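The structure under discussion appears below in the form of structure tokens.
The values are calculated or read from the model by the stated rules, or taken from the named source; none is laboratory data. The structure presented is a predicted model; accordingly, all values stated were derived computationally and were not measured. Backbone-built Cβ (ideal geometry, glycine too); neighbour counts: all protein chains shown.
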Amino acid sequence: MSSRFFIQKKEDLAAEREVFLEALLNSFLLVFAGEMGDKTQLLSLVLAARYKKPWTILAGVTVATLLNHALASWFGNYVASLVSPTALKWGLALIFFAFAAWILIPDKEGEIKTGSRYGAFFTTVIAFFIAEMGDKTQLATIALGARYDSAAIVTLGTTAGMIASNALAIFLGEKLLKKIPMTYVRIFACVLFVIFGVAILVAM
């Protein structure tokens, strides 16, 4: 085989690695920032305070997020296969711009409900999975699944973002969340979604 073949192979691997890291990092950052102050993060805080089992609650959050976001990213991937590249580009950009506005609206603690029929783990899995349905982080995962080819990478990135964000609430609790200016966090998340929307218009 010629040296050109190996050079091309190396370039292809480098390009694949770059796309993998981009999808992973963007999925992580958008969901991590979007989850701050979200009702599902507040739910984690309530569950941790109620059951006093932080690692069990985090395990439940992980399982619920994996299930929910795997479905969401797969659905986004499927929708992307049905529309033209131009329609997908403008549709995704508009969706992320809408998320940028939506992220500025805080969730209310009064929306949070938890059951008591099950133990800490299953209560967390059920409550978190249901609470995440239709939530902005789930819808962002659908959009990310449509943006990138690999639903698995998107699921991995968004799940990691959810775990990191909710771990703050579970282990460091309400005192930390009160010290973090949520207004600035939401503005930062808003800027991230706008940048991502613009990047889609430029790159796709």
Counting just the residues of region 47-100 that are of a type in the set (S, T, N, Q) and under 16 Å from the mean Cα position of the chain (by Cα), which one comes out modelled with the lowest pLDDT?
77
Quick one: what pairs do we get from region 130-149, first residue more than 12 Å from residue 96 (Cβ to Cβ) and in contact (Cβ under 8 Å) with a residue 24 or more places away in the chain, second basic (Lys, Arg) and assigned to a helix (DSSP H, G or I), C-beta under 9 Å, 6+ apart or different chains?
131/39; 135/39
Just one of the numbered conditions (1) surrounded by 18 or more Cβ atoms within 10 Å (Cβ to Cβ); (2) assigned to a helix (DSSP H, G or I); (3) small (Gly, Ala, Ser) is not true of residue 37; which one?
(2)
